[in-house]
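Shown next, in structure tokens, is the structure this report addresses.
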Amino acid sequence: MFRICPKPFHYDGQYIRMERPRPPMGISTIWALGEQGFTAANGGTVILKGSHLWGGQIPTEEEVAKSRVPLEMPPGSVVIFFDTLWHCGGRNVTKEPRLAITAQYCQPFIRQQESLTLSVPPETIPKLSKRLSGLLGYSIHPPFIGHVDGQHPLKSLPPRRSAL
């Protein structure tokens, strides 16, 4: 594989073992932060237009040349794309860091890459909104995906102590 970016071209859904082309099983988001956002000079994300429809082959130099699109985004902008889109971080030739936040979202029946359920202390969960605790894995996807011993995962948490 060749590189035109510091990180090689990849797609975020590579951990999903389904032959490509396939329907997307998730979406990826990247927020441009900092004073400059994403520019060609600071290495904004580079996407390969249309690559979400490709088969499983690694892009060739010719495919990259034909479909390469460097994203330029002002601060606060977000790009949203399917987990099957080939992309990479561009090369930053400035003296300032390129700042971003990225999050990937997957179908509820696909196990997440990082176990957020275990990375947040159990005593914190009852203090969170239903939506946020659900995003961390404390939810049920009908009819029963996500249960713990046949029960809702929130029932596995220790009882809450009242404040004195």
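The values are calculated or read from the model by the stated rules, or taken from the named source; none is laboratory data. Keep in mind that what you see is a predicted model, and the values were worked out from it rather than measured. Using ideal geometry, Cβ is built from the backbone for each residue, glycine included, and neighbour counts are taken over all protein chains shown. All accessible areas refer to the heavy atoms of the entire protein, side chains included, with ligands and DNA or RNA removed. Shrake-Rupley method; radii C 1.70, N 1.55, O 1.52, S 1.80 Å.
Table: residues versus (1) under 18 Å from the mean Cα position of the chain (by Cα); (2) among the hydroxyl-bearing types (Ser, Thr, Tyr); (3) on the phi > 0 side of the Ramachandran plot.
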position: 9; (1), (2), (3): yes, no, no
position: 21; (1), (2), (3): no, no, no
position: 25; (1), (2), (3): yes, no, no
position: 31; (1), (2), (3): yes, no, no
position: 35; (1), (2), (3): no, no, no
position: 39; (1), (2), (3): no, yes, no
position: 42; (1), (2), (3): no, no, no
position: 52; (1), (2), (3): yes, no, no
**Item:** Any chance residue 132 is in contact with a helix residue (DSSP H, G or I) (Cβ under 8 Å, 6 or more places away or on another chain), under 30 Å from residue 159 (Cα atoms) and surrounded by fewer than 17 Cβ atoms within 10 Å (Cβ to Cβ)
**Value:** no
**Request:** Filter the range 107-151 down to residues that are outside any helix (DSSP H, G or I) and over 26 Å from residue 27 (Cβ atoms), then give me how many there are.
**Result:** 8
**Message:** For residue 101, only one of the following conditions fails: (1) in contact (Cβ under 8 Å) with a residue 24 or more places away in the chain; (2) open to solvent by less than 30 Å² (accessible area, probe 1.4 Å). What is its number?
**Reply:** (2)
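Could you list, in sequence order, the residues of the range 24-61 that are of a type outside the set (S, T, N, Q), open to solvent by 80 Å² or more (accessible area, probe 1.4 Å) and part of a loop (DSSP other than H, G, I, E, B)? Give the steps one after another, and end with the answer.
Pass one, the range 24-61, residues of a type outside the set (S, T, N, Q): 24-27, 30-35, 37-38, 40-41, 43-44, 46-50, 52-56, 58-59, 61.
So of that shortlist, the ones also open to solvent by 80 Å² or more (accessible area, probe 1.4 Å) come out as 31, 35, 49, 53, 58, 61.
The answer is 35, 49, 58.
Report yes if residue 33 is farther than 24 Å from residue 146 by Cβ and in contact with a strand residue (DSSP E or B) (Cβ under 8 Å, 6 or more places away or on another chain), otherwise no.
The answer is yes for residue 33.
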**Complete:** Cβ pairs under 7 Å, 6+ apart or interchain, first in the range 74-98 and without any contact (Cβ under 8 Å) to a residue 40 or more places away in the chain, second part of a loop (DSSP other than H, G, I, E, B) and surrounded by 13 or more Cβ atoms within 10 Å (Cβ to Cβ), ordered by first then second residue, are none
**Prompt:** Out of the residues in the range 82-98 that are in contact with a Phe, Trp or Tyr (Cβ under 9 Å, 6 or more places away or on another chain) and open to solvent by 70 Å² or more (accessible area, probe 1.4 Å), which is nearest to residue 152 (Cα to Cα)?
**Reply:** 82
**Prompt:** Any residue at all in the range 144-155 that is closer than 28 Å to residue 13 by Cα, acidic (Asp, Glu) and open to solvent by 60 Å² or more (accessible area, probe 1.4 Å)?
**Reply:** no
**Item:** Hey, residue 19 more than 23 Å from residue 63 (Cβ to Cβ), assigned to a loop (DSSP other than H, G, I, E, B), open to solvent by 20 Å² or more (accessible area, probe 1.4 Å) and of a type in the set (Asp, Glu) or not
**Value:** no
**Request:** Please specify each residue of the range 111-129 satisfying the condition of being at pLDDT below 85 and either in contact with a strand residue (DSSP E or B) (Cβ under 6 Å, 6 or more places away or on another chain) or surrounded by 12 or more Cβ atoms within 10 Å (Cβ to Cβ) (or both).
**Result:** 112, 116, 117
